[in-house]
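For reference, the structure is listed below as structure tokens.
Read-outs: derived from the displayed coordinates by stated rules, not from any lab. No experiment lies behind these values; they were computed from the predicted model shown. Positions of Cβ are backbone-derived with ideal geometry, glycine not excepted, and every protein chain shown enters the neighbour counts.
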Amino acid sequence: MDSIQRIFKIGQGPSSSHTMGPKKAAELFLAKHPEVSNFRVTLYGSLAATGKGHLTDVAIINAFFPHQCEIIWEPTIFLPFHPNGLKFEAIQEGKVKNEWIIYSVGGGELADEHTKNSRSKIYKMNTMDSILKWCQLEGKSFWEYVEDSEGKEIWDFLDTVWSTMQAAIKRGIDAEGVLPGGLGLQRKASSYSTKAKSYAGSLRSRAQIYSYALAISEENAAGGIVVTAPTCGSAGVLPAVLYHLLKNHDFTDSRILKSLATAGLIANIVKNNASISGAEVGCQGEIGVACAMTAAAATQLFGGSPAQIEYAAEMGLEHHLGLTCDPVCGLVQVPCIERNAFAAVRALDACSFSMLSDGLHLINFDKVVETMKQTGHDLPSLYKETSLGGLALLKI
């Protein structure tokens, strides 16, 4: 497996697969052809189907500016490697000088048929079962496996990630008004935060978590700076819970960073063995994985054993199996924003459930990851970030 630095990417919303990835690809292609002034980019499959709502064309055109760039939309053509395909063409004197086909595979990552074998392998073990056995044999936890694999410099990186997450929450709590995109969707984080102060006990706690998750998800929908966890569309789940635990349980930043390391490892396992792309496996690969990451992180913070942490992650993913990706108008707003808030509290439920147990359970995390991958492949394409099925068909 690769570094968890490829899980936590700092960038501009609203979509890691439809905005961050295509923008990065455009910048790479431009760097290879600085002498060319005209470009053509063809978007295929999911990228074309929901690209306008995700601002894919805007991200690409801005990356090529001041050069000319023509965008071609092919929503009914799906290239074989991944639903998010792009073809870049450098045009000189009316002729195609060079072309490049690449795929935006989720979390801001780019890949093709040759990428996986060319990347460095940071982690020797890439399944939960093998890593859990290592933890039990060495008497260590998941975050220590991350440190052993990545080196101590990973903590500086995660410190930057955590600071960026907190900044996004604070901006989102302060912001008010209507989100861009045409749905007329009002920001809710500020009012939820205010109302939380008038409650007590578990209702206050839940309202606070809702407000933090909404804050980041609304910032993402508005094109603000967020951290993929594991994607932009699911960026609100993990930081909402960690920020709540920081504020209400006095956990130190050092312990928060260790929980981030564990969360990154959980996402890495899924990304390596299945997918975190909504266009490939539906929202179970985004919100489901975010819930698993968060459940594991919270369980670690509360002193859970490696077995209990694994169990929490397993529940977080298992109970999102089959979740479709059906954004209304191709925007990362409905149902995406609310899903972040609900997944955040569900992650804490998984944490509580696992902490009450001894960590023993029938279906392990690896089996759920395998099931999620198969379920995603079995889902029709209209339920995988194409806005052609599910809630996306509702007349708003």
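Results, tabulated for the structure shown:
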{"quantity": "15 Å Cα-Cα reach of residue 24 towards aspartates and glutamates, excluding residues that sit fewer than 8 places from it in its own chain", "calculated": "57, 109, 112"}
{"quantity": "Sites excluded, GluC sites (Glu not before Pro) in DSSP loops with at most 16 other C-beta within 10 Å, longest stretch of the chain", "calculated": "177-396"}
{"quantity": "Spatial separation of Cα centroids for region 1-70 and region 158-202, in angstrom", "calculated": "27 Å"}
{"quantity": "All-pairs Cα distance distribution in region 162-274, expressed in whole percent, bin size 5 Å", "calculated": "2, 12, 21, 22, 19, 13, 8, 3, 0"}
{"quantity": "Förster radius 25 Å - calculated FRET efficiency between residue 5 and residue 273, Cβ distance, rounded to 0.05", "calculated": "0.85"}
{"quantity": "Flagged links, alpha-carbon separation over 22 Å, of 197/247; 9/271; 124/271; 52/97", "calculated": "52/97"}
{"quantity": "Region 310-396: trypsin sites (Lys or Arg not before Pro) in DSSP coil with no more than 15 other Cβ atoms inside 10 Å", "calculated": "395"}
{"quantity": "Using a Förster distance of 25 Å, the FRET efficiency for residue 342-residue 250 (Cβ separation, nearest 0.05)", "calculated": "0.45"}
{"quantity": "Solitary cysteines of the chain, where the nearest other Cys Cβ is not under 4.7 Å", "calculated": "69, 135, 232, 291, 329, 336, 351"}
{"quantity": "Value of D in µm² per second that Stokes-Einstein yields for region 281-396, Kirkwood Rh from Cα pairs, at 4 °C (1.567 mPa s)", "calculated": "90 µm²/s"}
{"quantity": "Selection of trypsin sites (Lys or Arg not before Pro), region 115-171, meeting DSSP coil and at most 16 other Cβ within 10 Å", "calculated": "119, 121, 124, 140, 152"}
{"quantity": "Of 270, 161, 58, the one that fluctuates the most in a GNM where the chain has Cα springs shorter than 10 Å", "calculated": "58"}
{"quantity": "Difference of contour (0.36 nm per residue) and Cα-Cα distance, residue 129 to residue 353", "calculated": "78.6 nm"}
{"quantity": "Inter-probe distance in nm under a simple model that places probes 7 Å from Cα toward Cβ, at residue 95 and residue 321", "calculated": "5.6 nm"}
{"quantity": "Three-way shape call for region 88-187 based on the alpha-carbon gyration tensor, with the a/c threshold at 1.5", "calculated": "oblate"}
{"quantity": "Hydrodynamic radius by Kirkwood, which averages 1/r over all alpha carbon pairs of the chain, in angstrom", "calculated": "21.0 Å"}
{"quantity": "0 to 90° range, to nearest 10: angle between helix 128-138 axis and the chain longest Cα axis", "calculated": "40 degrees"}
